[in-house]
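The block underneath contains the structure these notes are about, expressed in structure tokens.
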Amino acid sequence: GSASFTGSRAYASLDVVRPTVRIRGLSASELVDMDYTGGCDPYCVVSANPYELLYCAAHEHVLKKGEAAASTVKHGQDCTWPDDEVPLLRLRGVRTAALPHTTLLLAVLDKDNVILGKDDPVGVVQVPLRPVGWSQDSDLPPSFEVEFDEPLVQGMASTDLKSGRPLGRLRGTLSIATTAEAIEEALAEARADGAGEKARTVKLGASAFER
């Protein structure tokens, strides 16, 4: 693959970093009806490609139901996750040159409140960890932001197979720090802002879409 990862023994290499990724202003909109009676009980799962990129590789980071939701989010409503519920992500050792070829995956799922029910995936957004306009012959800046506003997709489809309606959209901003000094500043700012204080993670089961 194009990405290269390494263990802790290689951290002395100046080419290897453990970047921070902070997600701000995360919200979903126009979510497709997932429940039998209409509406959706959304939560978000954050993972990475390559999978081992996240420092907490045995877990996926789970964002709880958005603050705009009551029991359900009706079609056309927005759902916002407060920044203190969104985990601050720390990546494993990654060579700086490989970071632009990695991707953060944000999946929205519908919580099934039926006993022994299975949570249904609504859709996924993939966000490359590189600045807009980045090219192969340019260096990464010490820190940068990536704004995204993308349709949720399942496979290659962005519409619900039954209703034909769009699955919804996911938007937010990634703040990424790539050098030791920038990472230290990012961590200090995150602590001061209370970023991720109410976030929680869930251990992976047989499927990423179950909990």
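The values are calculated or read from the model by the stated rules, or taken from the named source; none is laboratory data. Please read these numbers as outputs of a predicted model, since none were measured by experiment. Heads up, the Cβs are rebuilt from the backbone with ideal geometry, glycines too, and the neighbour counts pull from every protein chain shown. Surface accessibility is based on the protein's heavy atoms, side chains included, excluding ligands, DNA and RNA. Shrake-Rupley method; radii C 1.70, N 1.55, O 1.52, S 1.80 Å.
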Subset of segment 154-179 (residues that are free of Cβ contacts under 8 Å to residues at least 60 places away in the same chain and loosely packed, with under 15 Cβ neighbours inside 10 Å): Gly155, Met156, Ala157, Leu161, Lys162, Gly164
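Take Ser138 and tell me if it is part of a loop (DSSP other than H, G, I, E, B), open to solvent by 30 Å² or more (accessible area, probe 1.4 Å) and free of Cβ contacts under 8 Å to residues at least 60 places away in the same chain. Show your work before the answer.
Details: part of a loop (DSSP other than H, G, I, E, B): yes; open to solvent by 30 Å² or more (accessible area, probe 1.4 Å): yes; free of Cβ contacts under 8 Å to residues at least 60 places away in the same chain: yes.
Taking the combined requirement at face value, the residue satisfies it.
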Breaking point among (1) more than 30 Å from Gly39 (Cα to Cα); (2) out of contact with any Ser or Thr (no Cβ under 6 Å at 6 or more places or on another chain); (3) outside any strand (DSSP E or B); (4) of a type in the set (A, V, I, L, M), for Ile183: (2)
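Looking only at segment 122-135, which residues are crowded, with 18+ Cβ neighbours inside 10 Å and at pLDDT below 90?
The initial filter retains those residues of segment 122-135 that are crowded, with 18+ Cβ neighbours inside 10 Å, namely 122-125, 127, 129-130.
Within segment 122-135, Val122 is the sole residue that qualifies.
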